[in-house]
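Following: one structure in structure tokens, then a few remarks.
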Amino acid sequence: MARRGVQSDAEDRALACVVAELYEKSRGQEFGLTREGFAQILQDVRKKYLPERASQAETLTLYSSLHVEELALARACAAGEERAWQAFLTRYREKLYEIASYIAKESSSARELADSIYADLYGVRERGGERLSKLASYMGRGSLEGWLRTVIAQEYINSYRRRRRLVSLDEEAEQGAQFVAAVPPPVRTVDPRLTAATDEALAGLSPEDRFVLASYYLDSRTLAQIARILGVHESTISRKLDKLAAWLRKRILAGLGRRGMSRRQAKEALEVDVRDLEINVRTVLQGTADPPFFDKKAEGPLAKG
Amino acid sequence: MAELPRSIIERLRGTEKPTGHLDPDLISAFVEDSLHPADRNRVLGHLAYCSHCREISALCLAEIPVAAPRPTASAWYAWPVLRWGVVAACLLAAAALSLRHRSSRPLELARSEPSALELPRSAASPVPVPEASSSVTAKPAAPLSPGHASALPAPTVAKAPKANSGDEDEAVTAATGGPTGSSTELNEVVPGRAKEVRQEHAQLPQESERASLATAKMSSSAEAFATAAMHGPRWTLSSDGTLERSFDAGTTWETVSLPSPARFHVLSAYGMFIWLGGSSGALYHSTDAGEHWTRVEAVANGQALTEDVIGMEFTDDDHGVLTTATNQKWATEDCGQSWQKK
């Protein structure tokens, strides 16, 4: 017990040393941030990202990875320090509008977006007499600029979605839009064995592999975009997609085989989608009707689709 | 590009099940590639199922500038004509020497041991802080495998930067061949793909290997320099963990930027090959003197390497042992494709 106590004291001293070094590195003093305040910020970060019983090494690894200077600046701004806010404006004000312009594309939306974020960062709202600044939620894991970019992107997506829901029907009716009753989609039955085999195969994917597939096939991202996100070459993503497609096919066919399908049945089930076989009966009937007497030479193949 | 059957795409969509969303800190850190491998995997695990967070990541990514191609050096060795002229001259000289030597005595192969760098931690500080190093030791290089230029002069590595000590950086030497360009690209981030990349990018032609055998005994400084130029740059790590290389035996140095925020503590290089280790398990490998890099994720028994790499000893490009800040040893025998913890 005594030995454990000694070890714990040594660890605490080492931790305090590191915190002191990080405080110096953060230049928090210039922004009116005390060492105790800085230590409390680090505690908050630790509490957010590490479990209660995280080891000293994990704590120190987390602390060393933080952008402490930007963290100190952001938190000092959130606390209302004027010097910090001036420094923030000098470094990030123009950047804020540039980022908003890039994301929103259109200048008036960009300005509106940037102004809204600016207000949230400054903290125009109060709760219990305390200013609510979004900068208080910055934790220093990534750069402050990257964090601002993410916040702006989030706000843009949220406001875009809100606007879509709030379209005025009166306006649309005036513009001549006619609203028809929604036609319920036809019920399509997919073989449950195929669903089960596919889900089983997808569950076997690693997070990165699934991310690549989802980005490419669901989000329609380009190879270059996916490659940039993962920090690899575009050709790597291309090869990965080919390999994953082949691997999934193989796993699903094996799964279908285990579920009682023959090889041919399994291949047909996988490759043929009933939606691709939809035939417009009216069009087909019209296409197969005898052409007018004077137009017999215009006969052609059956129309499909 | 292989097409995926619609049924699979539909199930991919149908199985999206986000549980909450990532906070902006994690998304920005992920996009900037500044997360520990374990955290990065967790974030990827969320992104794999959440289109909302993927959309935000993509929007953020657009703003991050791609690492610009490195400006070409203005020194003479940056001119392709002169560079290949030197190589051609060396090949001719090598051919002439080998003809002469065949009639006299067998060539002696200069054998050297790979360099290694150990960063001893100070006893008072168990913390994995790069500044805690007190000295650097370099071991002589181990015998090289036949596939490499076995006549290389002893390549050594060193460099644990000591941020607060003010110690001078020690120059590191290595091997052959000037790169064809000075831009640095990150090639792959796939565990265990280092060997495949080496096969794609290793550019030591057999002729230059024979040339290096023949020229090992050259005595003139110009010829020695040509040999050194053929055998790769010298490397060093500055006090803030920045990687630098020199193609002119240390006369001038240029910074090698990797698109990684990791701080590097240790490197091991010989020939065209270099391994680089740093904070939070950052591990990079190049087979063409730093022109292209592969990020290697060391995983042993399902556990990823997340600690600072402070020591590194590679006997050749395949066999090496890493030492972490907590004195763990991670060994590979296949150029980083698989790892064992010792």
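No value in this document is a laboratory result; all are computed from the given coordinates. This structure is a prediction, so every number in the text was calculated from the model and none was measured. FYI the Cβ positions are ideal-geometry reconstructions off the backbone, even for glycines, and counts take in every protein chain you see.
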- Cα lying deepest toward the dipole's positive end in the stretch B:6-61, options B:Leu26, B:Cys60, B:Ser7, charges on Cβ: B:Ser7
- Item | Entries in A:Lys25/A:Lys95; A:Lys267/B:Lys17; A:Lys48/A:Lys243 that, when Cα-Cα distance is taken, lie over 30 Å | A:Lys48/A:Lys243
- Query: To the nearest whole number, what is the average tally of beta carbon atoms from other chains within 10 Å of the beta carbons of peptide A:239-248?
  - Reply: 3
- Item | Cut-off 12 Å, label 7 Å out along Cα→Cβ of A:Ala203, residues of the stretch B:14-49 by amide N | none
- Query: Given the convex hull of the Cα atoms of the stretch B:6-61, what is a quarter of its surface area in nm²?
  - Reply: 4.1 nm²
- Using amide H atoms built 1.01 Å from N in the peptide plane, name the residues 5+ places from B:Val256, or on other chains, whose amide H lies under 5 Å from its own. B:Leu243, B:Glu244, B:Arg245
- Query: For the residue pair B:Ser238 and B:Glu3, what label-to-label distance in nm results when each label sits 7 Å from Cα along the Cα-to-beta-carbon direction?
  - Reply: 5.3 nm
- Given A:102-114, A:138-150, the highest-first ranking by average Cβ count within 10 Å works out to A:138-150, A:102-114
- Message: Give the average, rounded to an integer, of partner chain Cβ atoms located within 10 angstrom of each Cβ in B:242-252.
- Response: 0
- Task: Would you tell me the mean number of C-beta atoms belonging to other protein chains that fall within 10 Å of each C-beta in B:274-283, as a whole number?
- Result: 1
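Taking a quarter of the surface of the Cα convex hull of the stretch A:192-276, what do you get in nm²?
Numbers: hull surface 23.8 nm².
Reported value for the Cα convex hull: 6.0 nm².
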- Message: Between A:Ala119 and A:Glu30, how high is the FRET efficiency from 1/(1 + (r/R0)^6) when r is the Cβ-Cβ distance and R₀ = 25 Å? Nearest 0.05.
- Response: 0.45
- Item | Lys, Arg +1 and Asp, Glu -1 on Cβ, resulting dipole of the stretch A:12-164 about Cα centre, debye, nearest 20 | 560 debye
- Query: How large is ³J(HN,Hα) for each residue in the stretch B:316-324, as worked out from phi by the Karplus curve 6.51 cos²θ - 1.76 cosθ + 1.60 (θ = phi - 60°), to whole Hz, x for Gly and Pro?
  - Reply: 7, 5, 8, 9, x, 10, 9, 10, 9
- Given that compact globular proteins tend to follow 2.2 N^0.38 Å, what is the ratio of the alpha-carbon Rg of the stretch A:12-164 to that value? 1.13
- Item | Share of Cα-Cα pairs in the stretch A:38-122 lying beyond 20 Å, as whole percent | 51 percent
- Test item: Cα-centred dipole of the stretch B:6-61, Lys/Arg +1 and Asp/Glu -1 on Cβ, debye: 400 debye
- Note on the structure: the stretch B:236-308 and the stretch A:207-254 have their Cα centres apart by a whole-number Å value of 27 Å
